[in-house]
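Before any comments, here is the structure.
Read-outs throughout are calculated quantities, based only on the coordinates presented, and are distinct from any laboratory measurement. This is a predicted model, so every value here is computed, not measured. All Cβ positions, glycine included, derive from the backbone under ideal geometry; neighbour counts span all protein chains shown.
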Ligand SMILES: Cc1cc2nc3c(=O)[nH]c(=O)nc-3n(C[C@H](O)[C@H](O)[C@H](O)COP(=O)(O)OP(=O)(O)OC[C@H]3O[C@@H](n4cnc5c(N)ncnc54)[C@H](O)[C@@H]3O)c2cc1C
């Protein structure tokens, strides 16, 4: 089996295929969780709350167990159990649905009034906040290093890792029926990679890999992430005082100052179209200004905090935010795993387990993850 792409999805797909006793080759053109990859960031939030989408709640819960097992085996700890604070305005149905789903799934969740909020998190202003949801079991993964740990773990299970760019197969979709399989693909090193099956976990490269299949169904968008330095000696913006947080209605989220890398703030609305190989990764002054205005309103003590780091990354959105985990429509031994859509990182373990299951034919396919369920225009429903 060949797995192309060693981000969160590919590392874990290789892991589970290896665990099932398959001979697996994992390949990446720039390296695991490289600076251009969507998994290449400093940190990613792992929350179980997903509105009414219990399928993702269960996947996140399962993934947390699997991430922790890998960290234990790799003698490291890359999950910070910060908890997650959902700030909600009066009419926030999504956060209310998250609360219901968490309770139904027997996952700890607590509703906070604005008085509770002021008492427990006095560093956070309640402007446009009517109530809050506290998810104590959530936290933050140190993303790039977590992928490295997953790759190392897979290698210890017998997976081979190799640095190479793979030339994807040319196909003629749409309207094609399953016809044939492929025996080998060309690599940038000039050799051919032979395998019984190929799993493409190319993240934001998937539209380039399959221009006629994933091309019209994925939307790669520019996203900026800013890190601000809290005042000297101020512990209010790092754990345990500060959790991961989001305001669904305002489409903004962040993490506390973890490992002294700064207080992270990012806006979740989709930016302009972006090319992961060539687009400019310089942060704009207007977005720094926008973030500063938000800091001043939500975290007044950080209004003058210096910008200590900034990154431009990309979301690899499907039409609605549901993952694409499916067989290629024309090639019976080619599989596609992607469409993380700004929320996929945490789910790498559950995605890998699912992919190994459907490839082996022992897992029934989830209709929401099919290619056929994806439209060619964007209407986001999953966050
Ligand atoms: C700013 C930002 C914040 C986010 N926050 C969160 C969060 O808090 N929580 C969360 O769960 N998720 C979050 N996400 C989403 C999450 O990071 C992504 O959905 C996830 O990392 C996607 O992983 P992937 O493995 O599909 O893709 P990637 O990590 O991009 O991996 C794809 C890999 O394929 C390789 N590749 C591509 N083409 C080839 C080729 N031809 N040959 C060989 N290799 C190839 C690439 O080099 C790359 O390493 C965020 C994303 C961004 C950008």
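Before moving on, here are some points about what is shown:
- Choice from 81, 122, 276 with maximal GNM fluctuation in the chain (Cα, 10 Å cutoff): 122
- With the biggest extent put first, the Cα atoms of the stretch 275-323 measure 38, 26, 16 Å across the principal axes.
- Estimated D of the chain in µm² per second, where Rh is the Kirkwood radius over Cα pairs and Stokes-Einstein applies at 25 °C, 0.890 mPa s: 115
- With the Kirkwood sum run over all distinct C-alpha pairs, the stretch 169-290 has a hydrodynamic radius of 18.5 Å.
- Anisotropy class of the stretch 116-202 from Cα gyration tensor, a/c 1.5 cut: prolate
- The stretch 32-105 - Kirkwood radius from inverse mean 1/r over Cα pairs (Å): 14.2
- Per-q log10 I(q)/I(0), the stretch 224-315, q = 0.20, 0.24 Å⁻¹ (Debye; single scatterer per alpha-carbon; no solvent): -0.98, -1.32
- Comparing 118, 11, 165 in a Gaussian network model of the chain where C-alpha atoms under 10 Å apart are linked, the largest mean-square fluctuation is found at 118.
- Working value for the stretch 231-275: equivalent-ellipsoid semi-axes of 25, 13, 7 Å, each the square root of 5 times a Cα gyration tensor eigenvalue, largest first.
- Here the sum of -39500 (n - 2.57) over DSSP H runs of 4 or more residues, divided by the residues of the chain, equals -8000 deg cm²/dmol at 222 nm, to the nearest 500.
- Taking N as its residue count, the alpha carbon Rg of the stretch 48-194 over 2.2 N^0.38 Å: 1.52
- Relative contact order (%) - the stretch 233-324, alpha-carbon pairs under 8 angstrom, separation at least six: 18
- In range of the label at residue 304: residues from the stretch 228-244 whose backbone nitrogen is under 13 Å from the point 7 Å along Cα→Cβ: 231-232
- Once the Cα atoms are used to define both axes, helix 348-360 deviates from the longest principal axis of the chain by about 30 degrees.
- GNM flexibility winner over the chain from 201, 313, 180 (Cα, springs under 10 Å): 180
- Rule-of-thumb Rg ratio for the stretch 316-383 [Cα; 2.2 N^0.38 Å; N residues]: 1.07
- Across all C-alpha atoms in the stretch 226-383, the radius of gyration and Dmax reach 19.1, 59 Å.
- Residue order, fewest to most surrounding Cβ atoms within 10 angstrom, among 39, 364, 341, 89: 364, 89, 341, 39
- For the stretch 219-259 versus the stretch 304-381, the gap between their alpha-carbon centres in whole angstrom: 25
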